[in-house]
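Structure record follows, encoded as structure tokens.
The values are calculated or read from the model by the stated rules, or taken from the named source; none is laboratory data. The shown structure was predicted, so the numbers you read here are calculated from the model rather than taken from an experiment. For neighbour counting, all protein chains shown are included, and Cβ atoms are generated from backbone atoms with ideal geometry for every residue, glycine included.
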Amino acid sequence: MTPETAATRVAPNQPPPLVGHDVVGGDAALVDAVRRHADEDTLASLAALGREAGSAEAREHGVLANRHHPELVTFDRYGNRVDEVRFHPSWHWLLGRGVGHGLQAAPWESDDPHAHVRRAAGFLAWSQTEPGHGCPLSMTYAAVPALRTDEGLAKEWEPLLAATRYDPGVRPATDKVGALAGMGMTEKQGGSDVRANLTTATPTEVDGEYTLEGHKWFTSAPMNDVFLVLAQAPGGLSCFLLPRVLPDGTRNRLDVVRLKDKLGNRSNASSELELHGTWAQRLGDEGRGVRTIIEMVAATRLDCVLGSASLMRRAVAEASWHVAHRSAFGGVLADKPLMQNVVADLAVESESATTLALRLAAAVDRRTDPHEAALRRIALPLAKFWVCKRTPMMVAEALECLGGNGYVEESGMPLLFRESPLNSVWEGSGNVNALDVLRALHREPEVLDAWLTEVGLAAGADPRLDRALESVLTMLGDTATLEQSARRLAGQMAAVLQASLLVRFAPPAVADAFCATRLGGDYNGTLGTLPPGSDLSSLLTRTTPTLP
Ligand SMILES: Cc1cc2nc3c(=O)[nH]c(=O)nc-3n(C[C@H](O)[C@H](O)[C@H](O)COP(=O)(O)OP(=O)(O)OC[C@H]3O[C@@H](n4cnc5c(N)ncnc54)[C@H](O)[C@@H]3O)c2cc1C
């Protein structure tokens with residue numbers, strides 16, 4: 001065989017696929033965060049998940065679930081209205097494993113003091129198999145704090161949402177060993193401004209029971225068993241629990257009009273619903289709908305940060321793996337100084353996201369501590385704004401490390417890229433979260449104290465951090481332009497918080513590179529621009545996955 005013929009039969013200089021690695025154990029930033037906020041036992045409890053997430057089997061299910069799109073089945077063969085969505089078996093495999101690993105509502109029923117950190121780390125790692133099925137897992141996780149507004153409903157549903165058995169199918173709760181939850185807030189006329197919801201709720205003769213009339217414009221995972229929705233009751237906008245199947249075993253009226261043809265993953269379904277005489281139970285008082293569902297929103301915002309951190313980690317893992325195995329111009333790409341700068345910068349971005357996300361999860365574990373509660377209130381919208389906003393540019397840069405291969409579906413990078421804007425859009429888009437930071441600062445003075453206390457723990461450790469903190473205080477003083485500058489403020493507060501955590505806990509190479517570039521100093525607008533003197537090789541070694 002001539003060399004030319006050989007190249008058509010066996011591909012030279014192509015990296016092996018990144019499979020068979022440990023997605024938890026091979027992620028040094030994640031391992032350090034779990035050790036920091038939990039313990040060795042927690043880390044050990046994630047070992048099986050980490051190995052499974054990197055297995056060829058899980059990766060293949062991730063590919064198949066996105067290749068075979070969910071299908072809306074409005075009627076059965078006899079003409080009965082069924083409003084079901086059929087998913088590929090790989091979707092069920094992924095969701096079943098996610099539920100089995102306790103990534104839904106399990107932490108709320110656990111007496112493990114680190115249950116939320118464990119779940120957050122597991123979710124970050126497991127979502128690297130495929131991001132779409134994280135949506136029902138997240139909503140199920142997030143439903144519980146809102147559900148607890150009503151003791152009776154919580155008693156009925158929480159054990160099912162927390163059960164680690166996946167039990168799909170349209171059947172009443174009493175026939176199920178596990179259930180999943182969704183949410184319906186967004187309507188055609190508005191998603192951010194939910195007070196403009198048009199769906200009405202009319203009380204029935206039974207106390208606490210209503211019938212709903214209206215629509216929902218974006219209800220993801222419509223095969224879930226129960227949904228928390230907003231509707232206008234006589235006393236104002238209220239929250240309702242809407243089961244897919246009525247207690248007598250008949251189907252509740254949930255007309256699935258259409259599935260969205262959307263960007264991002266294609267494994268999950270997001271639907272448009274019509275509600276006509278749909279039975280629902282009130283959750284919380286009439287007129288307190290936003291107050292009630294905000295608990296669910298807060299928990300899903302944590303998962304937006306985790307989901308973005310997960311996309312970043314998968315992206316930098318693939319990028320660093322590729323450059324470690326690909327040569328150009330007579331040498332391995334990972335040895336080229338400029339490529340080292342790019343991958344090192346990606347690694348800093350990924351680690352800063354993971355570090356902040358896990359810090360927020362730790363605040364959920366310690367939510368009865370007033371400092372932790374106040375910190376969570378301010379740090380969630382900060383992180384949701386900043387981490388999710390930076391994900392698309394980070395993933396695009398990681399994709400480019402694979403050259404043309406990164407632009408091809410089989411590499412997995414296009415799915416990461418298409419998915420990368422999602423977490424910034426849903427559950428409060430960028431502006432809405434930046435404005436929520438202002439709202440929190442205005443209404444709850446203790447949140448600024450909590451942020452200052454937290455970042456103050458790193459005071460004096462790095463002069464760039466001290467200066468950035470001063471700049472935040474200056475911005476806060478300029479109250480006349482605060483709304484217009486909300487993104488500047490949120491971004492800087494988030495970066496200062498990340499820097500303070502990295503300075504305290506990360507290896508010096510990570511903290512130094514972050515402080516040099518993310519605090520408004522030496523940064524020219526693109527990744528791969530870490531300044532001279534940055535410890536690129538140790539950043540590369542820390543981030544590049546290895547096989548056992
Ligand atoms: C894939 C996907 C799945 C989804 N799943 C669900 C689901 O399961 N359940 C559900 O209820 N919703 C779901 N959504 C909807 C999502 O939460 C909304 O799209 C989102 O909240 C924004 O609402 P909107 O689309 O009506 O945009 P709008 O509210 O019209 O906002 C448009 C833009 O204006 C900005 N904006 C709004 N108010 C202000 C202001 N005061 N000042 C400055 N800027 C402002 C926003 O940040 C945004 O950029 C999903 C969305 C996507 C993309």
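Below is a table of values for the structure above.
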| item | result |
| --- | --- |
| Segment 83-110, subset surrounded by 15 or more Cβ atoms within 10 Å (Cβ to Cβ) and assigned to a strand (DSSP E or B), residue nearest to the chain's Cα centre (by Cα) | VAL85 |
| Breaking point among (1) modelled with pLDDT of 95 or more; (2) touching a strand residue (DSSP E or B) at 6+ places or on another chain (Cβ under 6 Å); (3) within 16 Å of the ligand (Cβ to nearest atom), for ASN252 | (3) |
| Test: ASN405 is under 27 Å from the mean Cα position of the chain (by Cα), buried (at least 23 other Cβ atoms within 10 Å of the Cβ) and in a helix (DSSP H, G or I) | no |
| Check on ASP449, within 16 Å of the ligand (Cβ to nearest atom), farther than 27 Å from GLN128 by Cβ, touching a residue at least 12 places away in the same chain (Cβ under 8 Å) and among the acidic types (Asp, Glu) | no |
| Conditions (1) buried (at least 18 other Cβ atoms within 10 Å of the Cβ); (2) of a type outside the set (D, E, K, R); (3) outside any loop (DSSP other than H, G, I, E, B); (4) more than 16 Å from the ligand (Cβ to nearest atom); number of the one not met by LEU18 | (3) |
| SER500 under 23 Å from VAL305 (Cα atoms) and within 16 Å of the ligand (Cβ to nearest atom) | no |
| Selection from segment 421-444 of residues that are of a type in the set (D, E, K, R), within 24 Å of SER138 (Cα to Cα) and more than 8 Å from the ligand (Cβ to nearest atom) | ASP436 |
| Check on LYS260, modelled with pLDDT of 95 or more and more than 9 Å from the ligand (Cβ to nearest atom) | no |
| Output for segment 323-340, where each listed residue is of a type in the set (Val, Ile, Thr) and in contact (Cβ under 8 Å) with a residue 60 or more places away in the chain | VAL323 |
| Of all residues in segment 267-277 being under 30 Å from PRO131 (Cβ atoms) and of a type outside the set (Asp, Glu), the one that is nearest to the ligand (Cβ to nearest atom) | SER270 |
| Test: residue in segment 194-205 that is near the ligand (Cβ under 8 Å from one of its atoms), surrounded by fewer than 16 Cβ atoms within 10 Å (Cβ to Cβ) and either of a type outside the set (Val, Ile, Thr) or outside any strand (DSSP E or B) (or both) | no |
| Cβ pairs under 7 Å, 6+ apart, first in segment 179-192 and under 14 Å from ALA299 (Cβ atoms), second near the ligand (Cβ under 6 Å from one of its atoms) and among the hydroxyl-bearing types (Ser, Thr, Tyr) | GLY182/THR219; GLY182/SER220 |
| Strands (runs of 3 or more DSSP E) wholly inside segment 207-261 containing at least 1 residues that are among the aromatic types (Phe, Trp, Tyr) | 209-220, 226-233, 236-243 |
| Meets criteria (over 19 Å from the mean Cα position of the chain (by Cα), within 16 Å of the ligand (Cβ to nearest atom) and among the hydrophobic types (A, V, I, L, M, F, W, C)) for LEU180 | no |
| Flag for GLY190 being at pLDDT below 95 and within 11 Å of the ligand (Cβ to nearest atom) | yes |
| Residue in segment 207-230 that is of a type in the set (S, T, N, Q), surrounded by fewer than 24 Cβ atoms within 10 Å (Cβ to Cβ), more than 16 Å from the ligand (Cβ to nearest atom) and more than 19 Å from GLU158 (Cα to Cα) present | yes |
